[in-house]
1. How much FRET efficiency would the formula 1/(1 + (r/R0)^6) give for Ala173 and Val395, where r is the Cβ-Cβ distance and R0 is 51 Å, rounded to 0.05?
2. At 222 nm, what helix-only mean residue ellipticity would the chain give, in deg cm²/dmol to the nearest 500, using -39500 (n - 2.57) for each DSSP H run of four or more?
3. Please check which bits of the stretch 136-152 a label hung off Ala261 would reach, taking the label as a point 7 Å along Cα-to-C-beta and the cut-off as backbone N under 19 Å.
4. Counting pairwise Cα distances across the stretch 9-159, what percent come out greater than 24 angstrom?
5. Build a GNM of the chain with springs between Cα atoms under 10 Å: which of Pro334, Pro346, Pro280 gets the top mean-square fluctuation?
6. Just the accessible area per residue of the stretch 80-186, please: how many Å² with a 1.4 Å probe?
7. Dipole magnitude of the chain about its Cα centre, charges +1 at Lys/Arg Cβ and -1 at Asp/Glu Cβ only, in debye to the nearest 20?
8. Please report the carbon-and-sulfur percent of the accessible area for the chain; probe 1.4 Å, protein heavy atoms only, DNA, RNA and ligands left out.
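The values are calculated or read from the model by the stated rules, or taken from the named source; none is laboratory data. For clarity, every value in this text was computed on a predicted model and none was experimentally measured. So basically every Cβ, Gly included, is an ideal-geometry build from the backbone, and we count neighbours across all protein chains shown. Note: areas computed on protein heavy atoms with side chains; ligands, DNA, RNA excluded. Shrake-Rupley method; radii C 1.70, N 1.55, O 1.52, S 1.80 Å.
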Amino acid sequence: MTTATGAAMRRIQAGNALSAFGLGFTVPYLYVYVAQVRNLGAGTAGAVLAVFALAALVVLPFVGRVIDRRGPLPVLIGGSLLAAVGAFALGLSGNVPAVVLSASLLGAGTAVLQPALATMIVWCSTPATRTRAFATQFFLANLGLGVGGLIGGQLIDTDRPGSFLLLFSIEAAMFLVLAAVAGSVRMPRPGGIGSVGTAAPASAGRRSGMRVLLRDRAMVRLCVLGFVLFFACYGQFESGLAAYSTEAAGLDPSMLGIALAANTAVIVLAQFVVLRLVEPLKRSRVIAAVGLIWAFAWLLAGYAGLGYGSATLATAALISTYALFGLGEAMLSPTVAPLVADLAPPSMIGQYNSGFALVKQLALAVGPAVGGPMGASLHAPYIVTFVLFSLGITVLALRLGRLLTPVQDQPSLLTAGSRVVARHAPDAVATVGPERQRSVR
């Protein structure tokens, strides 16, 4: 990585951390703000949360092609400005149409940021350094969210709408900072990115768009796996698992904050220790191990809801469940996002990132709709369902590994020397052109 590329990466990571810091001020308190502070009711608050997912589903199918044609930088700046307007407008909104419109702008803007940031990280990294770059992004995002949420909690007052306007103003300011930081980045030429994905003509992204992605068996399998990952974990945090914890296990609602804090603490404290452990391993096996860890986490949640132990044991089991989810997330961050990049042809990195982000949003939309009612009333079926989904992650990950080249599955081979890569990854070299053969070696 050159000095200029390293400087660009540092600015991207700093901007990512600051925007996450701004999001942390409002994300935990959005429901309270709409339902209680603005007195618009629980139904409107739920609709606002749904609007975020819907806005993402509307914009993401188009974002990838724009990124591949115009580059990620203008898309990131445009998304940041849109999110800033939405955040500030949300702080001023006092009726249902204004709240929904503001949430739509904020949701669309933040959805655009995901694939744009991911593509910028790909452009500023190599297959050998990409794992650590995405792990750093995930670490900084969670640290920013955690610190922002902690500070925001000290500033809010449900009797003073102005305190929430302050939070949304800080969030908007952080998006403007992200836009300014992004505008100062000098991106490297995309021809130097060194992807290890399957070959595709340079015009493939322009000519056939997502049809290329849908013909990529490994990418389609990864999208299916990604849907199950996000559905079985992230889609349950604030819906099904929260409902189950309070209804079945009798957990005090205030303890949910501690459980979520445990989740974040594990990610922040363990991320780079986990990175050193998983970096030399095959990605498919790391993801498969996450499925087993999460299956055990769901079994702990099941134990907490059985009612045979004391309230203290039930609380400890549920906090451990959230902590184990955090461990799995720390294992996934240096694994899944870099794999999306390594599967993508150079001309379609934006579309692959957007396609995977779309799958994530679908899972986050479906997860609460399915898990919420089950967690609240169908306690045993809920646990059994998500234990099976977690085991499904393990099966899908191992099957995905069969479709990957050795270098895609184990990028540490790239750092073992050209003779090792040549011996272990002949297929990866054979399927790419001369320029990309040099990047693999």
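1. On the way: r = 45 Å, r/R0 = 0.89.
It comes to 0.65.
2. Values: 21 runs with 345 residues, N = 441.
Estimated from H runs of four or more residues: -26000 deg cm²/dmol.
3. Output list for this probe position: 142-152.
4. On the way: 4113 of 11325 pairs.
That tail contains 36 percent of the Cα-Cα pairs.
5. Highest fluctuation among the options: Pro280.
6. On the way: 3880 Å² over 107 residues.
Here the per-residue accessible area is 36 Å².
7. Details: 29 positive and 14 negative charges, 405 e Å.
Charge dipole, the chain, about its Cα centre: 1940 debye, nearest 20.
8. Details: 12010 of 18030 Å².
Summing carbon and sulfur atoms, their accessible area is 67 percent of the total for the chain.
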